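Encoded as structure tokens, the structure appears first; notes follow it.
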Amino acid sequence: MLPRPFKRAPLKVSTQPVERSHRVAGREVPLRIVENARARRLTLRIAPGGTGLRVTIPPGLSLREVERFLARHQGWLEERLKKLPHQPLVRPGIKIPLRGVPHLIMHEPSRRGTVETTMHDGQPALVVTGDRRHLPRRLADFLKREARRDIGMLVVRHTETVGRRAKAIRYRDTTSRWGSCTSDGTLSFSWRIMMAPPSVIDYLVAHEVAHLKEMNHGPRFWKLCEELCPDTERCKAWLKRNGTALQAIQFSE
């Protein structure tokens, strides 16, 4: 009697993250596969700027299933990566959005002062003075100042509505999330949100302020969020659709 052929069991992802690459849109993109005990399905995320991919999977899933999952989403990945800027470093001559409106970056090295908004040939522009080497940092500092002003006022308005006070407001350049709220009432926001339309900025602030009262994402949280920002669903969809491109813009050499 002939022995039965040996059948190899499919390789399973270990409990430690698996680091490999995935070819998409003509280039090799770093891929990180992470097992999560609470995951019930596979999820796929693109890192800001398209610098990498992350697949979160349920325990015990085989690498073969991960490969099939990626193959099913190949078209989606290519479309998303094509929309990202090819040369995202801010520099004179390109446009970046300010409150959702594209602004031309202009450099005037002979002038002194801070970044100014103006009109140039009928289109909005941001004039940056000083040494060219400091232009990206100056623009980042400008967005931070704008964030402190706009978001600060929105926090006051929304906290008065919910009857809760924020312990502190912090502004950071985060790549994993646009905002957060700690259990002690500290609110954090990515200053990059100033590149989004005003309604989206308002939604983000309303979202985090709602956490001061509901530290979860349950039905009562979303009900409160919509009371603070009636346009919640549309703004949430806009941020999900366009957020990666905003986070891809580089403000440092």
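The values are calculated or read from the model by the stated rules, or taken from the named source; none is laboratory data. Note that this is a predicted model, so its numbers are computed, not measured. Using ideal geometry, Cβ is built from the backbone for each residue, glycine included, and neighbour counts are taken over all protein chains shown.
At a glance:
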{"item": "Where V127 falls short, out of the listed (1) outside the structural domain of G179 (by TED's automatic domain parsing); (2) more than 18 Å from P97 (Cβ to Cβ); (3) of a type in the set (V, I, T); (4) at pLDDT 95 or above", "result": "(2)"}
{"item": "Any hit, region 91-113, residues being surrounded by fewer than 16 Cβ atoms within 10 Å (Cβ to Cβ), assigned to a helix (DSSP H, G or I) and either in contact (Cβ under 8 Å) with a residue 12 or more places away in the chain or in contact with a Lys or Arg (Cβ under 8 Å, 6 or more places away or on another chain) (or both)", "result": "no"}
{"item": "Some residue of region 63-73 being part of a loop (DSSP other than H, G, I, E, B) and farther than 23 Å from I249 by Cα", "result": "yes"}
{"item": "Among the candidates T51, T117, residue that is closer than 30 Å to E19 by Cα and among the β-branched types (V, I, T)", "result": "T51"}
{"item": "Region 175-196, residues that are β-branched (V, I, T) and either loosely packed, with under 14 Cβ neighbours inside 10 Å or free of Cβ contacts under 8 Å to residues at least 60 places away in the same chain (or both)", "result": "T182, T186, I193"}
{"item": "Count of region 218-253 residues which are out of contact with any His (no Cβ under 9 Å at 6 or more places or on another chain) and not in a helix (DSSP H, G or I)", "result": "8"}
{"item": "Residue in region 176-186 that is among the acidic types (D, E) and under 20 Å from the mean Cα position of the chain (by Cα) present", "result": "no"}
{"item": "In region 114-157, residue surrounded by the fewest Cβ atoms within 10 Å (Cβ to Cβ) [restricted to those that are of a type outside the set (S, T, N, Q) and in a strand (DSSP E or B)]", "result": "M119"}
{"item": "Pairs with Cβ under 7 Å, 6+ apart, first in region 142-165 and of a type in the set (F, W, Y), second buried (at least 19 other Cβ atoms within 10 Å of the Cβ)", "result": "F142/V115"}
{"item": "Residue within region 55-73 that is touching a residue at least 40 places away in the same chain (Cβ under 8 Å), surrounded by 15 or more Cβ atoms within 10 Å (Cβ to Cβ) and touching a Gly at 6+ places or on another chain (Cβ under 8 Å) present", "result": "no"}
{"item": "Leading residue by the ranking (nearest to the chain's Cα centre (by Cα)) among those in region 38-54 that are among the β-branched types (V, I, T) and within 18 Å of R27 (Cα to Cα)", "result": "I46"}
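The rows are residues; the columns are (1) surrounded by fewer than 21 Cβ atoms within 10 Å (Cβ to Cβ); (2) modelled with pLDDT under 95; (3) closer than 23 Å to H103 by Cβ; (4) not basic (K, R).
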residue: T159; (1), (2), (3), (4): yes, no, no, yes
residue: V162; (1), (2), (3), (4): yes, no, no, yes
residue: A166; (1), (2), (3), (4): yes, no, no, yes
residue: D173; (1), (2), (3), (4): yes, yes, yes, yes
residue: I201; (1), (2), (3), (4): no, no, yes, yes
residue: H207; (1), (2), (3), (4): no, no, no, yes
residue: A210; (1), (2), (3), (4): no, no, no, yes
residue: H217; (1), (2), (3), (4): yes, yes, no, yes
residue: R220; (1), (2), (3), (4): yes, no, no, no
